[in-house]
Amino acid sequence: MRITSGLMAKALGGLAVLATLGTAVSPASAAEPKNLQVMSWNMCGSQRDTWNCAGTGTPEQKTDVVKYHVDHDYVQAVLLQEVCEDDLTLLMGKLGAGWSKSFAPYKWSQDGVTWNSRCGNDGPGDRADRIGTAIVVKAGMTDATTYPLTQPWTGLNQPFQCATATWWNVRLCAVHLSRPGVNPDHPDWDYRDDQLKDIKAVTAGFPKVVFGGDFNSLPPDQPGNTDAWIWPADLYSQGPGTVGYMECDQDGATRTGRPTHDGGWKIDYVFSSEPRRWCAVADSVYSDHHVVIESVSVV
């Protein structure tokens with residue numbers, strides 16, 4: 001805690017008076033806030049042709065992006081989407097001792113029967129490691145849990161997972177919502193509204209939470225957004241003092257932000273129950289998504 005010279009003089013003077021009276025008193029002190037920098041990034045790590053990530057860099061280059069922001073922006077927690085499991089292992093080796101991880105795979109559902117999605121194509125020489133989302137934390141991690149979301153009966157099922165960063169006692173959650181048209185049998189069905197309600201129901205149970213990722217959705221106040229209806233009224237805050245969570249790149253009551261995708265759209269978000277210190281959006285040639293970093297102050 002920083003104390004100005006004037007306050008310090010008053011504090012010392014008060015202690016001197018107490019000492020003269022022969023009374024031993026411990027000065028009161030508030031809990032010191034802990035800063036936490038959380039990065040979210042869709043790595044576009046798949047080597048499967050249908051995921052359209054060709055030409056976005058090698059696993060070495062992609063994991064170097066995360067390591068760069070850890071070293072230069074003091075990132076202490078990372079929420080990753082579209083990360084291959086072997087690439088996550090590569091990243092953990094670069095980060096070194098003292099880091100923890102949780103991985104949750106994407107699954108393909110065919111009429112309700114699911115199996116893990118592969119990083120590569122289906123050939124015998126293609127990568128067979130799983131692809132999914134990850135939570136990576138400096139220091140300890142506990143209670144890593146994958147929570148059920150409304151998912152397509154046929155189509156890609158994308159996990160919603162949370163874990164507690166023990167040093168900060170904050171629940172971190174990695175999000176990847178279904179894209180519109182994900183169910184080939186019912187391409188007009190939209191699952192995002194139900195998924196956002198599911199996420200809100202889970203996060204409401206956490207006293208301190210940071211959740212983020214690829215929402216495949218434009219902000220509700222984006223001009224011309226015809227899908228604004230998918231956002232629950234009590235999730236995306238309309239400014240300080242209102243219900244819901246403030247978003248990293250939110251400016252007051254306006255629920256928009258800088259583009260986070262090469263197409264010029266904002267579809268990546270970081271929400272938090274904790275006070276925002278700063279927000280950064282960084283482009284990268286090694287994914288079609290941009291990096292989003294929020295610094296929060298945790299008491």
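The values are calculated or read from the model by the stated rules, or taken from the named source; none is laboratory data. What you are looking at is a predicted structure, and each value in this text was computed from that prediction instead of being measured. A quick note on method: Cβ atoms are made from the backbone with ideal geometry, for glycine too, and the neighbour counts reach across all protein chains shown. The protein model used for the area step is the full one, side chains on, heavy atoms only, and it has no ligands, DNA or RNA in it. Shrake-Rupley method; radii C 1.70, N 1.55, O 1.52, S 1.80 Å.
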Can you name the residue in the range 124-142 that is more than 24 Å from ILE293 (Cβ to Cβ) and modelled with pLDDT of 95 or more and, of all such residues, is farthest from the chain's Cα centre (by Cα)? ASP126
List pairs: first in the range 129-142 and open to solvent by less than 10 Å² (accessible area, probe 1.4 Å), second at pLDDT 95 or above and not in a strand (DSSP E or B), Cβ under 6 Å, 6+ apart or cross-chain? ILE131/SER46; ILE131/TYR106; ILE131/SER117; ILE131/CYS119; GLY132/TYR106; THR133/PRO159; ALA134/LEU88
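Can GLN222 be described as of a type in the set (S, T, N, Q), at pLDDT 95 or above, crowded, with 23+ Cβ neighbours inside 10 Å and under 20 Å from SER40 (Cβ atoms)? Before the answer, list the steps.
Working: of a type in the set (S, T, N, Q): yes; at pLDDT 95 or above: yes; crowded, with 23+ Cβ neighbours inside 10 Å: no; under 20 Å from SER40 (Cβ atoms): yes.
Answer is no for this residue.
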Checked the range 235-267 for anything buried (at least 18 other Cβ atoms within 10 Å of the Cβ), part of a strand (DSSP E or B) and without any contact (Cβ under 8 Å) to a residue 40 or more places away in the chain; matches are TYR236, MET246, GLU247
The one condition ALA163 fails out of (1) without any contact (Cβ under 8 Å) to a residue 60 or more places away in the chain; (2) within 22 Å of ASN116 (Cα to Cα) is (1)
Restricting attention to the range 176-196, the residues that are surrounded by fewer than 21 Cβ atoms within 10 Å (Cβ to Cβ) and in contact (Cβ under 8 Å) with a residue 40 or more places away in the chain number exactly 3
Restricting the range 159-174 to residues that are polar (S, T, N, Q) and under 15 Å from the mean Cα position of the chain (by Cα), which is least open to solvent (accessible area, probe 1.4 Å)? GLN161
Limited to the range 86-109, what total is found for residues that are within 26 Å of TRP168 (Cα to Cα), part of a helix (DSSP H, G or I) and touching a Pro at 6+ places or on another chain (Cβ under 8 Å)? 1
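Residues to consider are LEU177, LEU156, LEU218, LEU149; find the one that is within 15 Å of the chain's Cα centre (by Cα) and hydrophobic (A, V, I, L, M, F, W, C).
Just one listed residue meets the conditions, LEU177.
Quick one: is PRO232 within 21 Å of the chain's Cα centre (by Cα), open to solvent by 40 Å² or more (accessible area, probe 1.4 Å) and more than 19 Å from VAL136 (Cα to Cα)? Explain how you work it out, then say what you get.
Working: within 21 Å of the chain's Cα centre (by Cα): yes; open to solvent by 40 Å² or more (accessible area, probe 1.4 Å): no; more than 19 Å from VAL136 (Cα to Cα): yes.
Considered against the rule, which asks whether it is within 21 Å of the chain's Cα centre (by Cα), open to solvent by 40 Å² or more (accessible area, probe 1.4 Å) and more than 19 Å from VAL136 (Cα to Cα), PRO232 comes out as no.
Scan the range 270-289 residue by residue and report those that are in contact (Cβ under 8 Å) with a residue 60 or more places away in the chain and over 24 Å from TRP167 (Cβ atoms). Before the answer, list the steps.
We begin by selecting, within the range 270-289, every residue in contact (Cβ under 8 Å) with a residue 60 or more places away in the chain; these are 270-274, 277, 280, 282, 284-289.
Answer for the range 270-289, where residues must be in contact (Cβ under 8 Å) with a residue 60 or more places away in the chain and over 24 Å from TRP167 (Cβ atoms): ALA282, SER284, VAL285, TYR286, SER287, ASP288, HIS289.
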Could you tell me whether any residue of the range 243-262 is within 28 Å of THR63 (Cβ to Cβ) and β-branched (Val, Ile, Thr)? yes
Scan (1) within 16 Å of the chain's Cα centre (by Cα); (2) open to solvent by less than 60 Å² (accessible area, probe 1.4 Å) for the single condition PRO275 breaks and write down its number. (2)
What are the residues in the range 105-128 that are open to solvent by less than 20 Å² (accessible area, probe 1.4 Å) and farther than 18 Å from GLN47 by Cα, if any? SER109
Answer yes or no: is there a residue in the range 46-63 that is touching a helix residue (DSSP H, G or I) at 6+ places or on another chain (Cβ under 9 Å), modelled with pLDDT of 95 or more and among the hydrophobic types (A, V, I, L, M, F, W, C). no
Say whether the condition of being among the hydroxyl-bearing types (Ser, Thr, Tyr), exposed (fewer than 14 other Cβ atoms within 10 Å of the Cβ) and under 16 Å from the mean Cα position of the chain (by Cα) is met by at least one residue in the range 72-82. yes
